[in-house]
1. I'd like the orientation of helix 25-37 relative to the chain: the angle between its Cα long axis and the longest Cα principal axis, in ° from 0 to 90, rounded to 10.
2. Measuring from label point to label point, each 7 Å out along Cα→Cβ, what is the SER10 to ALA91 span in nm?
3. How big is the charge dipole of the chain about its Cα centre, in debye rounded to the nearest 20, if each Lys and Arg gets +1 on its Cβ and each Asp and Glu gets -1 on its Cβ?
4. Counting only other residues whose beta carbon sits under 14 Å from that of GLN70, what net charge do I get with K and R as +1, D and E as -1?
5. Compute the Rg/Rh shape ratio of the chain: radius of gyration over Kirkwood radius, all on alpha-carbon atoms.
6. Rounded to the nearest 500, what is the 222 nm mean residue ellipticity of the chain from helices alone, with -39500 (n - 2.57) per DSSP H run of 4+ residues and division by all residues?
7. Tabulate in residue order the Karplus-calculated ³J(HN,Hα) for the range 5-11, using 6.51 cos²θ - 1.76 cosθ + 1.60 with θ = phi - 60°, rounded to whole Hz; enter x for Gly and Pro.
8. Between ASP104 and ALA48, with labels modelled 7 Å along Cα→Cβ, what's the label distance in nm to one decimal, could you check?
Amino acid sequence: MQLDIETTASTTVITPLGDIDLSKSTDLREALRPIIDSSPTKIIVDLAHVPYMDSSGIATLIEGLQLAKQSNIEFIICTVSEGVRSIIELARLDQIFTIVDSRDQAFAE
């Protein structure tokens, strides 16, 4: 899995490319920690290019959300594929994550 990371003055966008499963979730976790440590105002995780995510990927997003909240950083997920959205909704995590349809909406949040 490749991770594209873009940083503006106050926002960091992480765009994973490919499936996020047990073998790849560590890469995302390792990318999130220094981003959170740099204290942006907002972190956007753009899942447009993630067709599949297993429970380890979901756990990584939950960990990122918790760490972001501890640091008063807004954590937003955008452009979620139908398959990944169904996993998030099945676990009722759509009630704890801020999920928007587009990157533009995430910047506007």
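1. 20
2. A separation of 3.0 nm, rounded to one decimal place.
3. Values: 8 positive and 17 negative charges, 54 e Å.
Dipole magnitude for the chain comes out near 260 debye.
4. The answer is -1.
5. Working: Rg = 12.4 Å, Rh = 13.5 Å.
Here the Rg-to-Rh quotient is 0.92.
6. Numbers: 4 runs with 44 residues, N = 109.
-12000 deg cm²/dmol, from helical runs alone.
7. In residue order, the calculated couplings are 10, 10, 10, 10, 3, 10, 10 Hz.
8. Inter-label distance under the simple model: 1.1 nm.
Any read-out appearing in this document is the output of simple, stated calculations on the displayed coordinates, not a laboratory observation. Not measured: the values here are computed from a predicted model. Heads up, the Cβs are rebuilt from the backbone with ideal geometry, glycines too, and the neighbour counts pull from every protein chain shown.
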